[in-house]
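Notes for the one structure printed next.
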Amino acid sequence: MKLAIMGAMPEEIEPLLAKVDNIKKTEYASNIYYEATYAGKDVVIAYSKIGKVFASLTATILIEKFGCERLLFSGVAGAISPDLNIGDLIIADGLCQHDLDIVAFGHPYGYVPEGEVCIMSDVYLRNIAKEVATARSLTLKEGIIATGDQFVACSDRKAWILKTFNADALEMEGASVAVVCNALNIPFFILRAISDTANDDAGMDFDEFMVGSAKISADFILDMVERIE
Ligand code: ADE
């Protein structure tokens, strides 16, 4: 069982690359893919670059070219839920695209014909995450993650995403990875550690906390890899 582990930015995969063994690097489609082993398992690690299009491309290549049979995403997010503070972890039960808008044709936000507003992640992988959290005495929130090609640093936009999608956190890749994995029948899992609260000062918080939160998420993912059968 080959596992894909992806992030969006170098900082999100560097803590993974520091801990895996037998790294083999392949350049493909303007990106670098790292085949490696961890806890006796085959993994393929890559960062996509930021945003839904790059994330879709990378997820597709991890599955179609490298033969990954499950996909785990590790990275950072902006908090919407007041329960979430910097460094806290959230797993997505469902993912939606907050910037997908054909409401002019009578459709709800986040919906296009033959798609779904919200795509659910894999229950087995979510349960593994809960086991890791219990073993490490960590609080793990489970909720909706909203994805869009926007860095949200605006309390009005954040309030709109909460009202429209009932989302707990937001980021820029998860739902596009969900669309790809769902179409290709690949179980997937999205984990995020909070780097900011998507308010007007989100840019400053992101710069300060992104590296630390990315590492919290990556370390958690590796604990999960150990337990995945
Ligand atoms: N990822 C981390 N923080 C974010 C934010 N505020 N907006 C979009 N993506 C993010």
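Among the residues in the range 24-34, are any within 19 Å of the chain's Cα centre (by Cα) and among the basic types (Lys, Arg)? Checked against the condition, which is being within 19 Å of the chain's Cα centre (by Cα) and among the basic types (Lys, Arg), the range 24-34 yields no hits at all. Residue-level check: of (1) surrounded by fewer than 24 Cβ atoms within 10 Å (Cβ to Cβ); (2) within 16 Å of the ligand (Cβ to nearest atom); (3) not hydrophobic (A, V, I, L, M, F, W, C), SER48 misses just (1).
When each of ASP149, ASP93, ASP122, ASP168 is tested for being within 11 Å of the ligand (Cβ to nearest atom) and modelled with pLDDT of 95 or more, the lone residue that passes is ASP149. Checking ALA202, ALA193, ALA214 one by one, the residue that is in contact with a Leu (Cβ under 6 Å, 6 or more places away or on another chain) and not hydroxyl-bearing (Ser, Thr, Tyr) is ALA193 and no other.
The selection criterion, being more than 11 Å from the ligand (Cβ to nearest atom) and surrounded by 18 or more Cβ atoms within 10 Å (Cβ to Cβ), does not hold for ILE228. In the range 184-225, the residue that is farthest from LEU72 (Cα to Cα) out of those that are within 16 Å of the ligand (Cβ to nearest atom) and free of Cβ contacts under 8 Å to residues at least 24 places away in the same chain is MET204.
The values are calculated or read from the model by the stated rules, or taken from the named source; none is laboratory data. For clarity, every value in this text was computed on a predicted model and none was experimentally measured. Counting neighbours? That spans all protein chains shown, and the Cβs are built from the backbone with ideal geometry, glycine included.
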